Amino acid sequence: MKQIVAVLGHPIGHTMSPVMHNAAFEALGIDAEYLAFDVLPERLGEAIEGARALGFVGLNITIPHKVAALQYCEPDPLAASIGAVNTLVFGDEVKGYNTDATGAMEALRRAKVRVGGKEVLVMGAGGAARAIAHALVHEGARVVVANRTKQRAVELCEALGRATGTGFDELPALVQSCDVLINATSVGMRGESLVRGEWLHEGQVVFDIVYNPPETPLLKAARSAGAKTIDGVAMLVHQGAKAFELWFGVEPPVDVMERAVRRALAEG
Ligand SMILES: NC(=O)c1ccc[n+]([C@@H]2O[C@H](COP(=O)([O-])OP(=O)(O)OC[C@H]3O[C@@H](n4cnc5c(N)ncnc54)[C@H](OP(=O)(O)O)[C@@H]3O)[C@@H](O)[C@H]2O)c1
């Protein structure tokens, strides 16, 4: 019988996860299908229980359900300390994981970027920023979190213990002085950027987790300034690969997944 995995989110229209995982199933000859469901926040618990009752292998959980989903699973220590889950695995119990942190760190590793001891500026204090800042602190980076709503950055950094939270007032100076800049806000999808090109320079690494378009205005400016760039597709693929491993116990072909996502994004 075909095995089923799905992503629950609201809205869900633009997810690339089905394209990515279904390409991996085909490449590995696994009889499975990855679906996407638009689930209202007040129906999340029922949706998770329903998927489990129907025998799904597991789920991905995306915006805006990553924090709420914690109450419907047994989170592993990483997900519990991040305070959000994006992957559920069904068995005797519902296990919860956060593969966003792993995905972001793997994207940096593959680009041969070491963050230990480096000054890393994370823009954003939402779910993704939370996971990334947590992983960066764990890897020994000197982390600064800047967010439009300063209070959220301050609270996140208080919870992390070893990071500095601030608003956008000093963004130009913070961008200029950091070794690695990570955009973990949703800004960049519609041709906009929080960062001016003249704030960036050679020798920096700029990582934008927004993956549609793959080259955001921030990455374009970074490339022009001579900085090293990492796009959001890399993180998407590696967080997906980690989830795949948790569901099926095998490493998926990340190159196949990446090609499928890039092709779908290029086709619009
Ligand atoms: N590549 C990947 O694998 C991957 C994985 C996860 C997420 N993402 C992408 O990352 C982005 C953030 O996701 P999330 O789950 O963290 O979302 P979220 O929890 O809703 O957080 C959104 C963040 O963006 C900030 N923001 C939104 N609009 C802004 C604006 N106009 N100006 C300045 N800041 C703004 C918010 O600031 P306030 O706190 O002030 O509202 C907040 O920090 C999304 O685009 C998502 O698609 C990519």
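The values are calculated or read from the model by the stated rules, or taken from the named source; none is laboratory data. Because the structure is predicted, anything quoted here is derived from the model rather than measured. Because the Cβ atoms are built from the backbone with ideal geometry, glycine has one as well, and the counts that use them run over all protein chains shown. The accessibility values were calculated without ligands, DNA or RNA, using every heavy atom of the protein model including side chains. Shrake-Rupley method; radii C 1.70, N 1.55, O 1.52, S 1.80 Å.
Taking (1) over 30 Å from Gln176 (Cβ atoms); (2) out of contact with any helix residue (DSSP H, G or I) (no Cβ under 6 Å at 6 or more places or on another chain) in turn, Ala264 satisfies each apart from (2). Does region 42-58 contain at least one residue that is in contact with a helix residue (DSSP H, G or I) (Cβ under 8 Å, 6 or more places away or on another chain), open to solvent by less than 20 Å² (accessible area, probe 1.4 Å) and either within 14 Å of the ligand (Cβ to nearest atom) or of a type in the set (Ser, Thr, Tyr) (or both)? Checking region 42-58: not a single residue is in contact with a helix residue (DSSP H, G or I) (Cβ under 8 Å, 6 or more places away or on another chain), open to solvent by less than 20 Å² (accessible area, probe 1.4 Å) and either within 14 Å of the ligand (Cβ to nearest atom) or of a type in the set (Ser, Thr, Tyr) (or both). Given the structure, is Met189 open to solvent by 50 Å² or more (accessible area, probe 1.4 Å) and aliphatic (A, V, I, L, M)? Yes. Listed by position, the strands (runs of 3 or more DSSP E) inside region 1-66 whose residues that are without any contact (Cβ under 8 Å) to a residue 40 or more places away in the chain and of a type outside the set (D, E, K, R) number at least 1 are 32-38.
Examine region 18-32 for a residue that is of a type outside the set (A, V, I, L, M), under 18 Å from Val261 (Cβ atoms), at pLDDT below 95 and open to solvent by 40 Å² or more (accessible area, probe 1.4 Å), and state whether such a residue exists.
Step one: of region 18-32, the residues of a type outside the set (A, V, I, L, M) are 18, 21-22, 25-26, 29, 31.
Okay, now just the ones that are also under 18 Å from Val261 (Cβ atoms), so 18, 21-22, 25-26.
Those left that are additionally at pLDDT below 95: none.
Within region 18-32, not a single residue is of a type outside the set (A, V, I, L, M), under 18 Å from Val261 (Cβ atoms), at pLDDT below 95 and open to solvent by 40 Å² or more (accessible area, probe 1.4 Å).
Suppose the filter is within 27 Å of Val137 (Cα to Cα) and of a type in the set (Val, Ile, Thr); does Val205 pass it? In short, yes. I'd like the residue in region 98-125 that is away from the ligand (no atom under 14 Å from the Cβ) and either outside any loop (DSSP other than H, G, I, E, B) or not assigned by TED's automatic domain parsing to the domain that holds Ala159 (or both) and, out of all such residues, is most open to solvent (accessible area, probe 1.4 Å). Ranking the qualifying residues of region 98-125, first place goes to Arg109. Looking only at region 141-155, residues that are part of a strand (DSSP E or B) and open to solvent by less than 50 Å² (accessible area, probe 1.4 Å) come to 4 in all.
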